[in-house]
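Taking it in order: structure first as structure tokens, then the write-up.
The values are calculated or read from the model by the stated rules, or taken from the named source; none is laboratory data. Just so it is clear, the model here is predicted, and its values are computed rather than measured. So basically every Cβ, Gly included, is an ideal-geometry build from the backbone, and we count neighbours across all protein chains shown. What goes into the accessible areas is simple: the full protein's heavy atoms, side chains included, and nothing from ligands, DNA or RNA. Shrake-Rupley method; radii C 1.70, N 1.55, O 1.52, S 1.80 Å.
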Number of protein chains: 2
Amino acid sequence: MESLVPPGFRFHPTDEELVGYYLKKKVASQKIDLDVIRDIDLYRIEPWDLQERCRIGYEEQKEWYFFSHKDKKYPTGTRTNRATMAGFWKATGRDKAVYDKIKLIGMRKTLVFYKGRAPNGQKSDWIIHEYRLESDENGAPQAS
Amino acid sequence: MESLVPPGFRFHPTDEELVGYYLKKKVASQKIDLDVIRDIDLYRIEPWDLQERCRIGYEEQKEWYFFSHKDKKYPTGTRTNRATMAGFWKATGRDKAVYDKIKLIGMRKTLVFYKGRAPNGQKSDWIIHEYRLESDENGAPQAS
């Protein structure tokens, strides 16, 4: 994968690029030419294992990009299961709107990882920015 | 050209990448897959005209990359003619060594643009980082 990115180029996408290009294509299962966003199952992987899995090239990274489908806790419900083996992801703050010029194309939610089980658990430094398409209520998250 | 760079990628090369990959290939006239470094004649162009000439994509840039051959002031001399129509480039500070791990592969010189004619002239905010291959005394400069 790393050999596809020419020397000197870094992946620093804007929110608009993540939602309007990458997430849109991922959700539609369209081919992405230089696909540096790994498909993972966020609830089967711990945050500290994401680094190796989502590495791009040889540089030290502090952000990782991936695409994961949402997992429903109860087949009929809308509550989302955000637990892993070691802990859980909990939303924090307000969702942020993502615009393509003046058009709303998606939302960005911030989640923090807690070790342990809800409602307890020990807060960690791991953060996810979860993007969803505005047009798709059950849109699949993609995060950094 | 811009259509070749996928969304989300930015060109932020390190000194090592500029010298060890791009400059080396430019000097050897080798093909560069995604060549975002324009070939120009630095002494036939004013700094403020570089922006349009060396643009990559649609984003606002504060740095531009280009490759230019050195121009000898006197055919037999080693003094380099760094004048344009409107002014001249003058070296400042010390050259910086560029390493590939522990191997010296090039040098980086910093030059400032002065409007007018040497030894007078009015200092500007325009700066060039001129890279040369260490193995090639008359190496062609490449700058940002």
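Tell me, what is the Rg over Rh of the stretch B:15-136, with Rh the Kirkwood radius over Cα pairs?
Computed over Cα atoms, the ratio is 0.96.
Express in Å², to the nearest 10, the accessible area of B:His69 obtained by rolling a 1.4 Å probe over the protein heavy atoms while all chains stay in place.
120 Å²
Over the stretch B:24-67, how many percent of alpha carbon pairs lie in each 10 Å bin up to the one with the longest distance?
With 10 Å bins starting at 0, P(r) equals 25, 50, 26, 0.
Which aspartates and glutamates have a Cα lying under 15 Å from the Cα of A:Lys25, excluding residues fewer than 8 positions away in the same chain?
A:Asp15, A:Glu16, A:Glu17, A:Asp33, A:Asp35, A:Asp39, A:Glu134, A:Asp136
Just to be sure I understand the interface: list residues from the stretch A:1-49 that lose 20 Å² or more of accessible area between the chain on its own and the complete protein assembly, 1.4 Å probe.
A:Pro6, A:Pro7, A:Gly8, A:Phe9, A:Arg10, A:Phe11, A:His12, A:Glu17, A:Tyr21, A:Tyr22, A:Leu34
List the residues whose amide H sits under 5 Å from the amide H of A:Trp126, counting only those 5 or more places along or on another chain, with H placed 1.01 Å from N in the peptide plane.
So A:Trp126 has HN proximity to A:Phe113.
If you stretched the chain out fully between B:Tyr99 and B:Gln51, how much longer would it get, using 0.36 nm times the residue separation minus the C-alpha to C-alpha distance?
Full-extension gain reported as 14.4 nm.
Compute the label-point distances linking A:Arg44 to its equivalents in the other copies; points lie 7 Å from Cα along Cα→Cβ; give nm, one decimal, shortest first.
Shortest to longest, the spacings are 6.0 nm.
Run through the other copies and list how far each one's label point is from that of A:Lys62, in nm with one decimal, shortest first; the point sits 7 Å from Cα along Cα-Cβ.
Values, ascending and in nm: 1.7.
Find how much the distance from A:Glu59 to A:Thr110 grows on full extension, using 0.36 nm per residue of separation minus their present alpha carbon separation; answer in nm with one decimal.
15.8 nm
How far is A:Ile127 from itself in the other copies, in nm, if each label sits 7 Å out from Cα along the Cα-Cβ line, shortest first?
Taking the point 7 Å beyond Cα along Cα→Cβ, the inter-copy spacings are 3.0 nm.
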